[in-house]
Amino acid sequence: MEILRADNLVKRFPSRGGEVRAVDGVSLRVRSGSCFGLLGPNGAGKSTTIEMLEGISRPSAGAIHFRGAPLDARYRERVGIQFQATALQENLTVRENLRFFSRLYRHRAPLDSVIERCHLGAFLDRDTRQLSGGQRQRVLLGIALVNDPEILFLDEPTTGLDPQARRNFWSLIDDVIAAGKTVVLTTHYMDEAERLCDHLAIMDHGRVIAEGSPRALLDQHFGEVVLELPAGALNGAGDAIAHTVKGEWAELVTDDVNATLSQLMQAGVPLAQLSVRPRTLEDLFLHLTGKALRA
């Protein structure tokens, strides 16, 4: 069942030369109870798109519908937002911050359930200035859930977290979805998107350039696998064997593993440290959006 729909969204901003179209005809469908990922390089238009979907910014053209109806004043009560950066009230404890934000809404989730879901019990009475990065993100997730929203927007929620904290946060998102919520996620971590999202839209230059499940997108664009081995292992054979070098490793893309292995062995390349992996969402992202540095 569709919970959120965007049709031909356009967002224009004035500039010296006239105007800039940050978003240029984006249409999206978000299914209830799913995790929808919106990806794109810096400047692709995804943050502007998310702000329109959240109801924070009005589109210059196009329409957004929530459960089949245009967005209205009540929409803010039905969504939860974890911004990329949120200022917590200093000199207040975690418990006091939760109570503070909860009182901003008419409809509220029981705080005990929010505390349990986000695993906040161990530091409820701690000043928010004393929290670790992972603890702070869990508190911000709790704040986004205090109004018991139907749809939850998470804007790069694990940026700056260590690998353990990131994976712990993923488990929290799994629990939120299992409880019947819908999640819209933006992230620059491709492994995060591949792990969490049921459906992805990849944006660039204000438009959606690819859309589908992670597996379907990979199957659509790639039929190869990647062979990885130390770059030094190629020795003089590197000129004859197509490859790219990433740091100390060489990557060979092939749709015929046996033929490539035969070519490597004939060239006398040692294979002791060879590994074979399927194409990943990061490969797809770079394939679609390029490798050039974005401002």
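Here are the numbers:
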quantity: Correct option for volume of the Cα convex hull per residue in Å³ [calculated from the coordinates] among [x] 118; [y] 134; [z] 169; calculated: [z]
quantity: Fluctuation leader among GLY268, GLY40, GLY133 - the chain, Gaussian network, Cα springs under 10 angstrom; calculated: GLY268
quantity: Separation of the ALA85 and ASP174 label points, Cα + 7 Å toward Cβ, nm; calculated: 3.2
quantity: Full-stretch length increase - LEU271, ILE209 - with 0.36 nm per residue and alpha-carbon distance subtracted; calculated: 18.5 nm
quantity: Between 0 and 90°, nearest 10: helix 133-144 axis offset from the chain longest Cα axis; calculated: 50
quantity: Cα long-axis angle, helix 257-266 against the chain (0 to 90 degrees, to the nearest 10); calculated: 40
quantity: Shape parameters for segment 58-99, alpha-carbon atoms, Rg then Dmax in Å; calculated: 15.5, 43
quantity: Cα point-scatterer Debye curve for segment 116-206, base-10 log of I(q)/I(0) at q = 0.13 Å⁻¹; calculated: -0.45
quantity: Largest-first principal axis extents, alpha carbons of segment 1-82, Å; calculated: 42, 27, 23
quantity: Rounded D (µm²/s) - segment 224-278, Kirkwood Rh over Cα pairs, Stokes-Einstein at 4 °C, 1.567 mPa s; calculated: 118
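All of the numbers you see were taken from the coordinates with simple rules; none came from a lab. Please read these numbers as outputs of a predicted model, since none were measured by experiment. Note that we place each Cβ from the backbone using ideal geometry, even for glycine, and neighbour counts take in every protein chain shown.
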